[in-house]
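Report on the structure given below.
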Amino acid sequence: MTIGVILNRVFRINNNPLFEYIHQNKEDIEKCYLIIPQEIFEEDGTDMKANYYYGVMQSFLNDLRQYDIEPFLLDYSDLGDFCEDKSISEVIVAGDIMSYHQESYDIRHLKKAFNKHNITVTTVRANHYFKPSATMNKQGEPYKVFTSFYKAHRSKLRKHDSYAYKLKDLSDLFVKSQQKLNQDYSKFGLSETKAIKKWNDYIDQDIQNYETNREYLPEVLTSQLSIILAYGIIDIKQIVTQLLERYEEDEHNIEQFIRELMFREFYYVLMTQYPNTAHEAFNEKYRDIKWEYNKDEFKSWCEGRTGFPIVDAAMTELNQTGFMHNRMRMVVSQFLTKDLFIDWTWGEDYFRRKLIDFDSASNVHGWQWSASTGTDAVPYFRMFNPSRQSERFDKDALYIKTFIPQLNDVTPKLLHEPFKHEAELEQEGIKLGQDYPKPLVDHKEARDHVMSVFKQI
């Protein structure tokens, strides 16, 4: 039998279920084509994300080369023809990835492409913990409230052994491609070795400060695990295993960390069952909201020119680094959907293009949470006050000053609501509307407006 193994965002040597499948079925396999379908980044402003993606891929290719393994590098559009040409009768593919740059790369579309060529598709779970069909409630439906999902499935987390395969013993099965990337991306991305060290250092040294550090803005003190998982560099089962093994060392912080992993699983399950929510409100009664579509205000939000320093700092962080602190993701998304009352899908798509750790399920449902169109125990209206968020999480304006350097010399207390301190700011060398933008909206007026809209639904 000749098979194809699609290594789409499972960029790891260790604990890779695709390699384990080959190991389990090696007696029946005559030839195996390892294939990496390459994602295309065509939109403006995606260079940073593209470089990171190809940097991770290059590290993975280098690791495979140590085992004398050379995968084929193809465009997604060429997969079906390639497999037919090579007489590949079955492809093995990770069926659970939500981090692709384009929706068209996911398993639903991939299956259709292979079906056209009468190629059997076998899916494995590679980057998520739960099988969605095994997480349904008594009515056979997905849990729509996180707390209920968490209570029902937290006890199902368990320790896992490493997979049995040894890659060097499988290398003779693989057809060599003799292909290379057309550019050198070695200064970008993250290797598996560095990712493992990064994660091990975090769980050894920093997880005990998780609850405190997760809200600290001036420095990145979080695990950055979202990036590692987005590229499939470490197995989620091994992550869970380590957390459970260390559980008694710090039950509180580790449990808080596990909750966040469970949130990722919760959103993943919902996306598999309700793929339409990528483009329309999860809650049906909010699908006819008459959003604003002000392109100028959206552009100001994208570029970090809203006149609210905490929002502008976060958007600048995203544009400069491809990353944004989770707290700030909530703040800027609520500002766009509530203060500016702009359709959440615009912001969600901007994040897709910019976020290095982009995960469709988490991104979509995070945005819907902010827009109050998604999942809630009791659907209700919420709206962050960006100034209060700034005072609470960046009291000394260290985060603001990191990304808006023209405000470096300004007294911190003036930067949470600069529009209330115009005269004082001028004394410190900052003229609103010239050195720093005036606010796009009055928060109180915006709140009154959006509240009235939601009350009428």
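The values are calculated or read from the model by the stated rules, or taken from the named source; none is laboratory data. Because the structure is a prediction, the values reported are computed rather than measured. So basically every Cβ, Gly included, is an ideal-geometry build from the backbone, and we count neighbours across all protein chains shown.
Miscellaneous remarks
Residues are listed down the side, and each one gets a yes or a no for (1) in contact with a strand residue (DSSP E or B) (Cβ under 6 Å, 6 or more places away or on another chain); (2) outside any loop (DSSP other than H, G, I, E, B):
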| position | (1), (2) |
| --- | --- |
| 128 | no, no |
| 137 | no, no |
| 142 | no, no |
| 177 | yes, no |
| 180 | no, no |
| 185 | no, no |
| 189 | no, no |
| 198 | no, yes |
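- Unique match (being assigned by TED's automatic domain parsing to the domain that holds residue 202, touching a Leu at 6+ places or on another chain (Cβ under 9 Å) and either crowded, with 19+ Cβ neighbours inside 10 Å or of a type outside the set (Gly, Ala, Ser) (or both)) among 243, 318: 243
- Total residues in the range 102-120, condition part of a loop (DSSP other than H, G, I, E, B) and exposed (fewer than 15 other Cβ atoms within 10 Å of the Cβ): 2
- For residue 375: the one exception among (1) among the hydroxyl-bearing types (Ser, Thr, Tyr); (2) within 25 Å of the chain's Cα centre (by Cα); (3) not in a loop (DSSP other than H, G, I, E, B): (3)
- Restricted to strands (runs of 3 or more DSSP E) entirely inside the range 1-87, those with at least 2 residues that are in contact with a Ser or Thr (Cβ under 8 Å, 6 or more places away or on another chain) and either buried (at least 22 other Cβ atoms within 10 Å of the Cβ) or of a type outside the set (A, V, I, L, M, F, W, C) (or both) are 2-6, 31-38.
- Selected residue (criterion: surrounded by the most Cβ atoms within 10 Å (Cβ to Cβ)) from residues of the range 345-394 that are charged (D, E, K, R) and closer than 18 Å to residue 312 by Cβ: 394
- Failed item in (1) touching a residue at least 40 places away in the same chain (Cβ under 8 Å); (2) of a type outside the set (D, E, K, R); (3) under 22 Å from residue 234 (Cα atoms), with residue 88 passing the rest: (3)
- Of residues in the range 189-226 being within 17 Å of the chain's Cα centre (by Cα) and aliphatic (A, V, I, L, M), the one surrounded by the fewest Cβ atoms within 10 Å (Cβ to Cβ): 220
- Any chance residue 185 is surrounded by 11 or more Cβ atoms within 10 Å (Cβ to Cβ) and over 30 Å from residue 262 (Cβ atoms): yes
- Against the list (1) in a helix (DSSP H, G or I); (2) touching a Leu at 6+ places or on another chain (Cβ under 9 Å), the condition residue 169 fails is (2).
- Restricting attention to the range 325-365, the residues being in a helix (DSSP H, G or I), closer than 22 Å to residue 299 by Cβ and in contact (Cβ under 8 Å) with a residue 12 or more places away in the chain number 23.
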